[in-house]
1. Suppose we keep just the alpha-carbon trace of region 68-115; what are its Rg and Dmax in angstrom?
2. Among 123, 253, what is the fewest-to-most ranking by other Cβ atoms within 10 Å?
3. What do you get for the angle between helix 190-201 and the principal long axis of the chain? Use alpha-carbon atoms, 0 to 90 degrees, nearest ten.
4. So what is the orientation-averaged projected area of the chain, using the convex hull of its C-alpha atoms, in nm²?
5. Over region 1-54, with a single point scatterer placed on each C-alpha, what log10 of the ratio I(q)/I(0) does the Debye formula yield at q = 0.30 1/Å?
6. Please list, short to long, the whole-number percent of alpha-carbon pairs of region 124-241 in consecutive 5 angstrom bins beginning at zero.
7. Hey, what number do you get for the chain at 222 nm if only DSSP H runs of n ≥ 4 count, each worth -39500 (n - 2.57), divided across all residues, to the nearest 500?
8. Per Stokes-Einstein, at 10 °C and 1.306 mPa s, what whole-number D in µm² s⁻¹ belongs to region 58-141, with the Kirkwood radius over Cα pairs as the hydrodynamic radius?
Ligand code: PAD
Ligand code: ZN
């Protein structure tokens, strides 16, 4: 089958690889749609550490083609969304209502048994986040898939696999944005506009979009942003002015740079929250003076996967979509074939896309 493989640091291409049948507890999925997320790029450029070669892709939906021994919750023909974190239901975090921190697997490029199903001649090929679904097929852990209704558009379903769940969940589940509150969102790509949509759904009265790109900020308005800042201007000063010098109740960082994290913390009001969604390099450090947090009672909150419980939240976000609360169609700026994946990455890097989606036919 064809797959988008990062062969080494800063190099990736569409190549033919071999795929084993699913083992016990695994599911073979024929991919229908794969969203292109900044985290895929972060694997290529080493921001997120990974072994190479590795099949990219962690945001997707498809049709179950075959199931391994012991799989009963899905069968061939079912439509499923893939979760890039397994949910075993048994580990400390799963039983303490934190399934997004499930420890069933290790982020080592393998499936749960420490091996991989993808090979290129004699060489093992790893998979991103247990999935590696930027490919025609993916063999994934059964505890990473959940069925969805068959009438859902594939592109919308794919987006729910990462960006939408992370962003909307960051607002409504991680931060628990309250009605009438004020919000700033740094970074208005696919995940950032999902935060904006989540804040709108939660009833925020003011949502300030911050991005380097004027187009990205204007685009954010269609998803619920009420204000934008001057491109290249002093975003912190403008957010403070827009909030009567108080700062926002909730500031979200959806980029992963120390400078924007520090800006985000500054923009949170006394007693407010800075929610860190963007993923930076392990060498990236931000600094806050040690007086500021206790004296202002600000909260700095990390956000993994929008605090998802995917069996509950994937269908919930699809219901929001059906009800017209969540605009997923509008987030899909461009679609690509698998062979056009390099173009999809180029378009993301040049800021052309809210989300690019690979359609597998
Ligand atoms: P994207 O590339 O679609 O959007 C990033 C946006 O940030 C773009 O609009 C850029 O213009 C903007 N930007 C970049 N630098 C700056 C800056 N210095 N100041 C202002 N704006 C800037 O990415 P995405 O939305 O797919 O992903 C965003 C981040 O979220 C990225 O770090 C990704 O790895 C992370 C992520 N985290 C999780 C999680 O579970 N925490 C899940 C998915 C993605
Ligand atoms: Zn992602």
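Readers should treat all values here as calculations from the given coordinates under stated rules, not as data from a laboratory. Model, not experiment: these values are computed from the prediction. In this analysis, Cβ positions are derived from the backbone assuming ideal geometry, glycine residues included, and neighbour counts consider all displayed protein chains.
1. So, for region 68-115, Rg and Dmax equal 12.3, 33 Å respectively.
2. Values: 123 9, 253 32.
Final ranking by Cβ density, sparse to dense: 123, 253.
3. Value to nearest ten degrees: 60.
4. On the way: hull surface 67.5 nm².
Seen from a random direction, the Cα hull of the chain projects 16.9 nm² on average.
5. For region 1-54, the Cα-only Debye profile gives -1.15.
6. Binned Cα distances yield the sequence 2, 11, 18, 18, 16, 12, 10, 8, 5, 2, 0.
7. Numbers: 11 runs with 90 residues, N = 361.
When only DSSP H runs of four or more count, the value is -7000 deg cm²/dmol.
8. Numbers: Rh = 13.8 Å.
Rounded to a whole number, D works out at 115 µm²/s.
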